[in-house]
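> Here it is, the structure, as structure tokens.
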Amino acid sequence: MGMMVNNQKKDAAACNAQDRERTDNNWELTALARCTPDANGDLEFGMARKVSSPNLCERYTWSMAAVMNNLVGDGIGDFGNINLKPEQAHTVSATLDLHAADRRWEQLRVTPYYTRVTDYIDAIRCPVGASCALANGTTTNQFVVLQYANQSAELYGLDVSARMPLASLACSPTLTARTATPATTSTTSSRSIASSR
């Protein structure tokens, strides 16, 4: 227990000795082009650049808080990395949207996409720090301590969705309104409201 407390004191001192001010200048861009070759289909082409800065836990927690900082719920402690860069994701996609001209059956959408993420924020076994013992890098039969780090990632796939009505109900609700005029005469009027879906 004493060794753990000493390690945490060393990590706290190292964290506090650093310049902790960080400024991220993030910008995002999305472009979408759509064309309609006929009444039964649409084509969309898209490109996007999205950016996400590290949150406070990913950037500033140190080993004392690693036990409490577990954003993914796997029971492994994660501590921050003050030098993390913002994630930058670049995505390209295309969508084929098939549907009836009158939209009686809604659609079948097929969208292949590819995303390249630079500086993806993920956790690795901590390489430095008083709490990162040599065994932390090699053990396979107990929990380990992880630290957030920037990495590269690729995401790709195919999204398919379809939508159509399963049933159609034909109904025409009727609304009746009654109004009264002064004196002893009264008038009744009925108005039928037809609705279609």
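> Take the residues in the range 47-62 that are in contact (Cβ under 8 Å) with a residue 24 or more places away in the chain and part of a loop (DSSP other than H, G, I, E, B), then tell me which one is farthest from K10 (Cα to Cα).
In this case the residue turns out to be S53.
> Mind listing whichever residues of the range 134-159 are modelled with pLDDT under 85 and surrounded by 14 or more Cβ atoms within 10 Å (Cβ to Cβ)?
If the condition is that a residue be modelled with pLDDT under 85 and surrounded by 14 or more Cβ atoms within 10 Å (Cβ to Cβ), then N136, V144, V145, L146, Q147 are the ones that fit.
> Sticking with this one: Any chance the range 108-128 includes a residue that's modelled with pLDDT under 65 and either in contact with a strand residue (DSSP E or B) (Cβ under 9 Å, 6 or more places away or on another chain) or surrounded by 10 or more Cβ atoms within 10 Å (Cβ to Cβ) (or both)?
For the range 108-128, residues modelled with pLDDT under 65 and either in contact with a strand residue (DSSP E or B) (Cβ under 9 Å, 6 or more places away or on another chain) or surrounded by 10 or more Cβ atoms within 10 Å (Cβ to Cβ) (or both): absent.
> Could I ask something else about it? Between a residue in the range 82-100 that is at pLDDT below 90 and any residue that is outside any strand (DSSP E or B) and surrounded by 17 or more Cβ atoms within 10 Å (Cβ to Cβ), which pairs come within a Cβ distance under 7 Å, given they are 6 or more apart or on different chains?
Close Cβ pairs (under 7 Å, with a partner that is outside any strand (DSSP E or B) and surrounded by 17 or more Cβ atoms within 10 Å (Cβ to Cβ)) amount to I82/R59; I82/Y60.
> For S131, work out the one condition from (1) over 30 Å from K50 (Cα atoms); (2) surrounded by 10 or more Cβ atoms within 10 Å (Cβ to Cβ); (3) modelled with pLDDT of 70 or more it doesn't fulfil.
Of (1) over 30 Å from K50 (Cα atoms); (2) surrounded by 10 or more Cβ atoms within 10 Å (Cβ to Cβ); (3) modelled with pLDDT of 70 or more, only one is false for S131: (3).
> Condition first: modelled with pLDDT of 70 or more and surrounded by fewer than 11 Cβ atoms within 10 Å (Cβ to Cβ). Can you find one or more residues in the range 50-62 that meet it?
So far as the range 50-62 goes, yes, one or more of its residues are modelled with pLDDT of 70 or more and surrounded by fewer than 11 Cβ atoms within 10 Å (Cβ to Cβ).
> OK, next. Which residues, counting only those in the range 19-46, are exposed (fewer than 10 other Cβ atoms within 10 Å of the Cβ) and in a loop (DSSP other than H, G, I, E, B)?
Within the range 19-46, D19, E21, T23, N25, W27 qualify.
> Please indicate, with yes or no, whether at least one residue in the range 173-181 is at pLDDT below 75 and outside any strand (DSSP E or B).
Within the range 173-181, one or more residues are at pLDDT below 75 and outside any strand (DSSP E or B).
The values are calculated or read from the model by the stated rules, or taken from the named source; none is laboratory data. Just so we're clear, the structure is a prediction, and the values are computed from it rather than from any experiment. Every residue, glycine among them, receives a Cβ derived from its backbone with ideal geometry; neighbour counts consider all protein chains shown.
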